[in-house]
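Data block below; observations after.
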Ligand code: AHR
């Protein structure tokens with residue numbers, strides 16, 4: 001058995017469990033690890049044999065994974081796509097092999113949307129809107145120009161594109177709000193810290209008063225960078241992040257982050273349900289979105305103990 005392969009359930013030839021091949025995009029965040037765990041656990045619980053391959057942020061590796069699933073003749077393929085574009089060809093290969101595809105978490109931008117059965121994942125645009133509305137309200141009495149810095153996720157990925165668009169949509173008519181700095185930091189803590197350090201190397205009166213970090217990890221890195229220049233995160237710079245890990249809620253409760261928009265990684269049960277429905281020949285909605293919330297200092301203390309990642 002190759003290192004990357006694992007079977008959630010030992011293959012029982014008498015009952016012949018459904019085989020699901022899942023191409024996970026990476027391990028960049030607590031969100032991602034929780035997403036993989038949720039999918040493994042749900043597969044084991046529902047008797048689905050799972051073959052999971054981690055692409056470590058490489059779309060090419062995701063293509064290789066899909067081709068290996070096709071060679072193995074899995075029943076269903078699930079893909080959490082690292083970026084949106086470039087999927088037409090490989091999805092056509094899956095179709096030619098007669099294997100249905102489910103898109104998980106992020107989206108694909110393909111001409112023929114019948115190349116996949118359904119997308120199970122968050123409404124990232126709405127997450128950006130929630131973050132924007134929080135900032136709009138939080139800064140309502142702030143006089144003068146407001147400079148917003150933005151730590152984006154992976155370039156070309158759905159959450160980075162859509163969170164950015166949703167967030168900006170709130171400020172379209174606001175001449176007093178400027179996006180002074182915006183750069184990708186790949187959803188990781190190290191890059192979040194590095195890029196925030198660069199953001200802070202400007203004259204004092206050009207520093208951002210607000211930071212929108214597209215995920216928790218980048219906010220953690222940014223907090224370190226902010227403290228290293230002697231500023232107070234959550235006071236000198238208002239911070240909003242996305243995901244809602246327990247660690248993020250603890251930091252939120254401590255006041256160093258001001259709001260966290262929830263993004264739900266626990267997609268395993270829905271994915272297994274969808275897999276079974278497809279095999280049973282049922283039709284599925286084209287898009288399935290989990291319910292999500294926003295956490296503030298007030299709710300963080302209560303909610304952090306309920307967090308599952
Ligand atoms: O696609 C979901 C995003 O990917 C999460 O917000 C982020 O933490 C992860 O890396």
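The values are calculated or read from the model by the stated rules, or taken from the named source; none is laboratory data. Remember, predicted model here, so these are calculated numbers, not experimental data. Here Cβ is always computed from backbone atoms with ideal geometry, including for glycine, and neighbour counts include all displayed protein chains.
Please go through the stretch 209-219 and give me each residue that is closer than 24 Å to residue 177 by Cα and either surrounded by fewer than 19 Cβ atoms within 10 Å (Cβ to Cβ) or within 17 Å of the chain's Cα centre (by Cα) (or both), ordered by number. Reasoning before the result, please.
If we filter the stretch 209-219 for residues that are closer than 24 Å to residue 177 by Cα, which is where we start, we get 209-216, 218-219.
Residues satisfying the conditions are 209, 212, 213, 214, 215, 216, 218, 219.
Scanning the stretch 178-196 for residues that are farther than 20 Å from residue 143 by Cβ and not in a helix (DSSP H, G or I) yields 181, 182, 183, 184, 185, 186, 187, 188.
Tell me whether the stretch 157-177 contains one or more residues that are modelled with pLDDT of 95 or more, in a loop (DSSP other than H, G, I, E, B) and within 16 Å of the ligand (Cβ to nearest atom). Yes.
Comparison of 190, 176, 205 shows that the only residue that is over 23 Å from residue 292 (Cα atoms) and free of Cβ contacts under 8 Å to residues at least 12 places away in the same chain is 205.
For the residues 123, 88, 105, the requirement of being away from the ligand (no atom under 13 Å from the Cβ), at pLDDT 95 or above and over 27 Å from residue 198 (Cβ atoms) singles out 88.
Residues of the stretch 197-222 that are within 16 Å of the ligand (Cβ to nearest atom) and in a helix (DSSP H, G or I): 216, 217, 218, 219, 220, 221, 222.
Going by what's in this entry, would residue 28 be described as away from the ligand (no atom under 16 Å from the Cβ), more than 21 Å from residue 100 (Cβ to Cβ), in contact with a helix residue (DSSP H, G or I) (Cβ under 9 Å, 6 or more places away or on another chain) and in contact (Cβ under 8 Å) with a residue 60 or more places away in the chain? Steps first, answer last, please.
Values: away from the ligand (no atom under 16 Å from the Cβ): no; more than 21 Å from residue 100 (Cβ to Cβ): yes; in contact with a helix residue (DSSP H, G or I) (Cβ under 9 Å, 6 or more places away or on another chain): yes; in contact (Cβ under 8 Å) with a residue 60 or more places away in the chain: yes.
No; evaluated as a whole, the condition is false for this residue.
Taking first residues from the stretch 128-144 that are assigned to a loop (DSSP other than H, G, I, E, B) and partners that are surrounded by 15 or more Cβ atoms within 10 Å (Cβ to Cβ), the Cβ contacts under 9 Å between residues at least 6 apart in sequence or on separate chains come to 139/146; 139/177; 139/209; 139/210; 139/238; 142/209.
Among what's in the stretch 132-154 and is within 13 Å of the ligand (Cβ to nearest atom) and over 17 Å from residue 180 (Cβ atoms), pick the residue that is surrounded by the most Cβ atoms within 10 Å (Cβ to Cβ). Lay out the reasoning, then the answer.
Of the residues in the stretch 132-154, the ones within 13 Å of the ligand (Cβ to nearest atom) are 151-154.
Still in the list and also over 17 Å from residue 180 (Cβ atoms): 153-154.
Details: 153: 28, 154: 24.
Among residues in the stretch 132-154 that are within 13 Å of the ligand (Cβ to nearest atom) and over 17 Å from residue 180 (Cβ atoms), the one surrounded by the most Cβ atoms within 10 Å (Cβ to Cβ) is 153.
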